[in-house]
Amino acid sequence: MDYNLSTLNKEQLGPVMDTEGAILVTAGAGSGKTRLLTHRIAYLITEKGVSPYNILAITFTNKAAGEMANRLYEMTPDGKYVWVSTFHSMCARMLRRYAGLLGYTQSFSIYAEAERDKLISAIVAERANENDDDDLKKKAIYHISNAKALGLDPDEYLRDFTYVGDIEKICEIYAEYDKSLKQNNAMDFDDLLINTKKLLSDFSEAAEYYREKFHYIHVDEFQDTNTIQYDLIKLLAAKYRNVCAVGDEDQCIYGWRGANIDNIKNFINDFNCKVYKLEQNYRSTQKILELANTLISNNTSRIEKKLWTQNGEGINIGYFVANGDGDEADFVVQTIYALADKGYKLSDFAVLMRINALTRPFEQRFMQYGIAHKIYGGFKFYDRKEIKDLLAYFRIASNHYDNEAITRVINFPRRGIGASSVATLIKLASDTNRSLYDVILNIRNENVSNALKVKTEPFATVLECLDEQKDKIELSELMRYLILMLDLKTVYKEDNEENANRKANIGELMNSIKEYTSSNPSATLEDYMQTVTLWTDLDDAPSADCVNIATVHSAKGLEFKVVFIVGMEEGIFPISRAETKAEIEEERRLFYVAITRAKERLYITRTRSRYLYGKVKDSIPSAFLSEVGLERKVKREFEYKSNFDGLYNDDSSFDARPTRKTEYVRTDNRAVKRNSDTTGFAVGQVVRHKKFGLGKIVSLEGSGISLSAVIDFDGYGKMNIAVAYAPITVEE
């Protein structure tokens, strides 16, 4: 990619060349904001003579930061020296340099949600006379995070939230949690922001260094900043005030985790900035954008803009009303098959929903019909137990004070060290004013039982050897060394699917470390652990050969040729807890984000009744549907007949009944043929399904492509399946 301003449109060129002072770029979905930011930074370096060391670019995911850094390097070799990072990575980097000023060592650990929750759970469990541990734990986790997002300490939070039930207990837990973090030489994600603000506010040495370093500051996804993040921007920009903030208030959908939409108004006032608009969309068709524009015009807390495109009109929006959630999933399956006949790949499709609870019928149908799929934003790789266990050893090697990591793996692999033994070691460390790590490494000389010494010594040996090797060998070799010391080959020797998956995950961890070190040859163990800990589910790429099922929150920043937005019903979308005007406007922005993920085709669905949370309930159409005029077109848009008997709309180019004898759909990297001959099936026959195994045909209905069979599968029960689409064969 060459640096070439002629590739920018007029709207983009203005803020690229307006380099002095503060500017706000309100950038509509798909309007090329990343292109604008990278060209602006390249322009500063190549045309204005600004040193790349004096430029900061902040975004919200590691993935986005990586893409921006790569683009900059392609534009100019000096681009690699620009500090491009997420807020949390930026803060961690600053804190590593000045950790001592705040009473930490440079090797402090960073606790993700799992470690945070475990520590809070332990504090709650230690409290006497508590019979509501689980409820209190959930309250404490929420309010501690909320307090930190607001920048309030335990006393301040108690003062401002006296009306909250159990608030005194919660604030006591909060205080104890902060104390434990400090003892463990650890910070959680919120602390990274809070402590950096403290660093820049209270220590002139650090503040002057970074204010002088960053002459030009760029902030992507500005609408997602919370109060503390905005405060950090103000602190860093206090000297030169050259800030380029790029965002879209119409895509502010993270209010529930602290994003403050008022930051855009505050930025305009605090910096007296110029405002630019990006309204040309490069992603979607005009019909999709018209729907998005109509919807978002109902919000009042926004800067007026109207998206447009040169991509052409496109086809009409598909709108489908299903009798139930099973029919809704059938519609999605049928449409995928029909469009696959037109050359669409599985990775071109996304099924988006407001809540994860709606995934079940889609997963079930996709399994029935052999359609490869993935729940995007689901269980993260680095949250798997075997991965967290191995990385806990790395955390200990990096930070000897990390008691949470020590207690996590002191009995992994099993060494017979139970909770009472751990409590004994912790008490001994406290009584002798030493770290738990020090007690374990000197276990032979400690005043504990011989049995505890024998059990603990192998663990001490592993920690000692790991510490000796961490600075001598490359990181992937250090992990291999750890795996050999733990003898995981024996631990997972039993031949079963669970162990096979764990070994495969460990292999993937090795690969990921090799990839990391090849890109970061001078990285330390601390660098690697920081990168892994700050990695989020938003950084995971969608799978290449499968349909992606995702919540709208997880899909932000992504795009797909074909998007299904399902479950458009009151209480689901908008969510039932959205009651105030501000909450409804955020729900509307969320629907707007979902719509603007679609490039070529958009289908919106709802049901007349839905099975959810153990009950079947009648459904009410989402109010958003009437706002965009779809609900009035229900009867005109589609007529749906069960068993894949037809799909009709006013797009004459869309034929839902493929004429080819064989249709190919990618799944598990193999082509799966549709059954072109459905005449060989009969009641009583035994068939084999790729996923569900053997079953017997109980009844048949319809003929040809519309033939459906009720099949009783061993262990799964009866299922009504369209024979032409399911991966089934008759057993001879």
* Output for region 492-510, where each listed residue is among the polar types (S, T, N, Q) and open to solvent by 70 Å² or more (accessible area, probe 1.4 Å) -> 501
* **Enumeration of residues in region 162-199 that are open to solvent by 30 Å² or more (accessible area, probe 1.4 Å), touching a residue at least 12 places away in the same chain (Cβ under 8 Å) and not in a helix (DSSP H, G or I)** => 165, 166
* Which one is modelled with the highest pLDDT among residues in region 547-570 that are open to solvent by 30 Å² or more (accessible area, probe 1.4 Å) and over 19 Å from the mean Cα position of the chain (by Cα)? -> 561
* State whether the residues of region 380-388 include one that is within 21 Å of the chain's Cα centre (by Cα), open to solvent by less than 50 Å² (accessible area, probe 1.4 Å) and basic (Lys, Arg). => yes
* Please indicate, with yes or no, whether at least one residue in region 473-488 is closer than 24 Å to residue 411 by Cβ and among the aromatic types (Phe, Trp, Tyr). => yes
* To do: Grab the strands (runs of 3 or more DSSP E) fully contained in region 680-732, keeping just those with 1 or more residues being touching a residue at least 40 places away in the same chain (Cβ under 8 Å) and open to solvent by less than 70 Å² (accessible area, probe 1.4 Å).
  => 686-689, 708-713, 717-722, 728-730
* To do: Report, by residue number, each residue of region 339-367 that is under 24 Å from residue 728 (Cα atoms), of a type in the set (A, V, I, L, M) and either in contact with an Asp or Glu (Cβ under 7 Å, 6 or more places away or on another chain) or at pLDDT 90 or above (or both).
  => 339, 340, 346
* Structure fact -> Taking region 561-573 and keeping only residues that are touching a helix residue (DSSP H, G or I) at 6+ places or on another chain (Cβ under 6 Å) and not aliphatic (A, V, I, L, M), one is left with 561, 564, 567
* To do: Please specify each residue of region 263-295 satisfying the condition of being under 30 Å from residue 348 (Cβ atoms), open to solvent by less than 70 Å² (accessible area, probe 1.4 Å) and either in a helix (DSSP H, G or I) or aromatic (Phe, Trp, Tyr) (or both).
  => 286, 287, 288, 289, 291, 292, 293, 294, 295
* Structure fact -> Filter region 87-124 for residues that are within 23 Å of the chain's Cα centre (by Cα) and of a type in the set (Gly, Ala, Ser); the one that is farthest from residue 395 (Cα to Cα) is 89
* To do: For region 16-39, state whether one or more residues are of a type in the set (Lys, Arg), within 30 Å of residue 293 (Cα to Cα) and open to solvent by 50 Å² or more (accessible area, probe 1.4 Å).
  => yes
* **region 467-491, residues that are over 18 Å from residue 532 (Cβ atoms) and in contact (Cβ under 8 Å) with a residue 60 or more places away in the chain** => 467, 486, 487, 488, 491
* Residue that is surrounded by the fewest Cβ atoms within 10 Å (Cβ to Cβ), among those in region 210-256 that are of a type in the set (Ser, Thr, Tyr) and part of a loop (DSSP other than H, G, I, E, B) -> 240
* Would it be correct to say that residue 489 is open to solvent by 90 Å² or more (accessible area, probe 1.4 Å), over 30 Å from residue 522 (Cβ atoms) and in a helix (DSSP H, G or I)? -> yes
* Go through region 398-424 and count every residue that is in a helix (DSSP H, G or I), within 13 Å of residue 463 (Cβ to Cβ) and of a type in the set (A, V, I, L, M, F, W, C). => 3
* Asked: For residues in region 296-333 being part of a helix (DSSP H, G or I) and crowded, with 22+ Cβ neighbours inside 10 Å, which is modelled with the lowest pLDDT?
  -> 325
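The values are calculated or read from the model by the stated rules, or taken from the named source; none is laboratory data. Source: prediction; values computed, not measured. Every residue, glycine as well, gets a Cβ built from its backbone with ideal geometry; the counts of neighbours run over all protein chains shown. When the accessible area is computed, the model is the full protein with side chains, heavy atoms only, and any ligands, DNA or RNA have been set aside. Shrake-Rupley method; radii C 1.70, N 1.55, O 1.52, S 1.80 Å.
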